[in-house]
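We did not get these values from a lab; they are worked out from the coordinates using the rules stated. Please read all numbers here as calculations on a predicted model, not as lab measurements. Methodologically, a virtual Cβ is constructed for each residue, glycine included, from the backbone with ideal geometry; neighbour enumeration extends over all protein chains shown.
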Amino acid sequence: MAERADQRARPDILWPAVRSVVMVAMSYRPDTDPLALLERRDRGVIAAYAQRRDYHEVLKGKLKELGGYLSAKGDVRVKVFCDTAPVMEKPLAEAAGLGWQGKHTVLISRGHGNWLLLGAIYTSADFAPDEAGTDRCGSCRACLDVCPTQAFPAPYLLDARRCISYLTIEHAGPIAPEFRKAIGNRIFGCDDCLAVCPWNKFATEAADARLAARDDLAAPPLAELATLDDAAFRRRFAGTPVKRTGRDRFLRNVLIAIGNSGDPALAAAAEDCLTDRAGIVRGMAVWACGELLDHAACRALYERHGADETDPMVGAEWRAVLDLTDPAAAETAGP
């Protein structure tokens with residue numbers, strides 16, 4: 001973000017020929033309430049936008065169609081962007097009159113709610129600007145209050161370091177223990193602040209059939225997901241946004257959800273991951289076992305799998321589990 005801040009602030013630095021920016025939005029309203037899935041603790045919750053074909057492909061294709069139309073009307077050059085360049089889509093969409101940035105920092109439309117995908121067309125044509133959107137959040141703070149990790153220090157301000165979407169998708173390392181419980185069974189992204197927006201009563205379903213949600217991604221079983229190797233992960237999530245986060249990060253999230261399930265029957269799935277090739281997976285498997293099993297079981301697992309652990313991060317997870325279950329154990333069994 002810091003390295004290309006000038007290009008975000010000034011479209012003409014990104015592309016000197018730009019004279020106007022055309023902003024577009026597409027609805028992807030989910031068919032069911034995402035918050036209801038949070039009660040199904042043995043299932044994983046994937047953000048609504050990621051339960052379907054990768055929107056970058058769908059939306060970018062439509063942007064190119066519109067850009068081609070503009071170019072055909074005269075000597076007009078265009079460049080299209082859909083999360084592919086340092087473009088401030090939400091402020092630009094508000095300036096273009098598509099809506100306003102809500103207190104959760106996401107664009108809200110009076111006619112479509114906040115389930116929106118945004119794209120931008122930079123063009124050399126001079127267009128008269130539309131009237132900017134007007135903030136209509138009023139005194140509502142539902143999106144702020146629902147956040148499980150309190151990622152909004154103030155209205156209209158998001159601390160991404162606390163955001164579950166950032167933590168489960170972009171963050172590469174282990175997720176800090178202070179956030180793991182709050183993540184619940186969210187395994188890719190989070191829809192909470194979007195789902196509670198009262199403007200969603202006007203939202204419409206996605207018009208493009210390519211954005212239809214896949215049934216197998218609505219609430220996949222955690223035990224099943226925990227068995228995915230690289231090839232199976234790629235096959236299952238081919239063509240969806242989930243694929244880009246990678247198998248190891250994804251299983252990290254799945255194991256946190258397993259640990260939060262409260263279901264000892266899922267401990268077997270976590271145990272199977274204690275020997276995974278990826279340290280980030282082994283570490284979260286240790287944490288999940290510590291949440292679901294008693295001290296004796298955790299100690300036995302440590303003796304089988306943890307005594308020879310060489311990854312410092314995984315070793316720290318073993319120490320934390322042993323400390324929490326039996327303070328004296330760390331003195332004699334710490335890796």
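Taking a Cβ-Cβ separation under 4.7 Å as the criterion for a possible partner, which cysteines of the chain have none?
Cys82, Cys137, Cys140, Cys147, Cys163, Cys190, Cys197, Cys273, Cys289, Cys298
Highest mean first, how do 111-124, 33-46 rank when packing is the count of other Cβ atoms within 10 Å averaged over residues? Intermediate results must be reported in sequence, preceding the final value.
Working: 111-124: 21.6, 33-46: 18.1.
The packing order, highest mean first, is 111-124, 33-46.
Enumerate the amide H contacts of Asp311 below 5 Å, restricted to partners 5 or more residues apart or on another chain; note that Pro and chain-start residues carry no placed amide H.
none
Excluding Ala226 itself, what net charge comes from residues whose Cβ is under 12 Å from its Cβ, given Lys and Arg +1 and Asp and Glu -1? It would help to have the intermediate numbers written out before the result.
Details: positive: Arg247, Arg252; negative: Asp42, Glu224, Asp229, Glu271, Asp272, Asp276.
Net charge in that neighbourhood comes out at -4.
Please compute the modelled spin-label separation between Asp263 and Ser71, points set 7 Å along Cα→Cβ, answer in nm with one decimal.
5.1 nm
How do Tyr69, Tyr166 rank when sorted from fewest to most other Cβ atoms within 10 Å of their own Cβ? Walk me through the intermediate numbers first.
Numbers: Tyr69 11, Tyr166 17.
Listing Tyr69, Tyr166 from fewest to most nearby Cβ atoms yields Tyr69, Tyr166.
Loop only per DSSP, at most 15 neighbouring Cβ atoms within 10 Å: give me the trypsin sites (Lys or Arg not before Pro) in the stretch 99-147, ordered by residue number. Show your work: numbers first, answer last.
Details: sites: Lys103, Arg110, Arg136, Arg141; in loops: Lys103, Arg110, Arg136, Arg141.
Answer in residue order: Arg110, Arg136, Arg141.
So how far, in whole Å, is the C-alpha centre of the stretch 225-239 from the one of the stretch 292-324?
When both Cα centres are located, 27 Å separates them.
Holding the Cα-Cα limit at 24 Å, pick out from Lys62/Lys90; Lys103/Lys201; Lys90/Lys181; Lys64/Lys90 the pairs that are longer than that. Kindly include the intermediate steps, with their values, before the conclusion.
Numbers: Lys62/Lys90 19 Å; Lys103/Lys201 18 Å; Lys90/Lys181 30 Å; Lys64/Lys90 20 Å.
Correct reply: Lys90/Lys181.
Could you sort the peptides 300-306, 222-228, 12-18 by per-residue average Cβ neighbour count (10 Å cutoff), highest mean leading?
Details: 300-306: 16.7, 222-228: 19.3, 12-18: 14.1.
Per-residue mean Cβ counts within 10 Å order the peptides as 222-228, 300-306, 12-18.
Around Leu70, with a cut-off of 15 angstrom between Cβ atoms, what is the net charge of the other residues, counting Lys and Arg +1 and Asp and Glu -1?
Numbers: positive: Arg19, Lys62, Lys64, Lys73, Arg77, Lys79; negative: Glu65, Asp75, Asp126.
Net charge around Leu70: +3.
Can you list the residues, at least 5 places off or on another chain, whose amide H is less than 5 Å from the amide H of Leu107, using H built in the peptide plane?
Gly102
Rounded to whole Hz and in sequence order, give me ³J(HN,Hα) for the stretch 208-221 from the Karplus expression 6.51 cos²θ - 1.76 cosθ + 1.60, θ = phi - 60°, writing x for Gly and Pro.
Values per residue, Gly and Pro as x: 8, 4, 5, 9, 5, 5, 8, 4, 6, 10, 5, 7, x, x Hz.
Considering only Gly67, Leu107, Ala96, whose Cα is most displaced toward the positive end of the charge dipole of the stretch 56-208, charges sitting on Cβ of Lys, Arg (+1) and Asp, Glu (-1)?
Of Gly67, Leu107, Ala96, it is Leu107.
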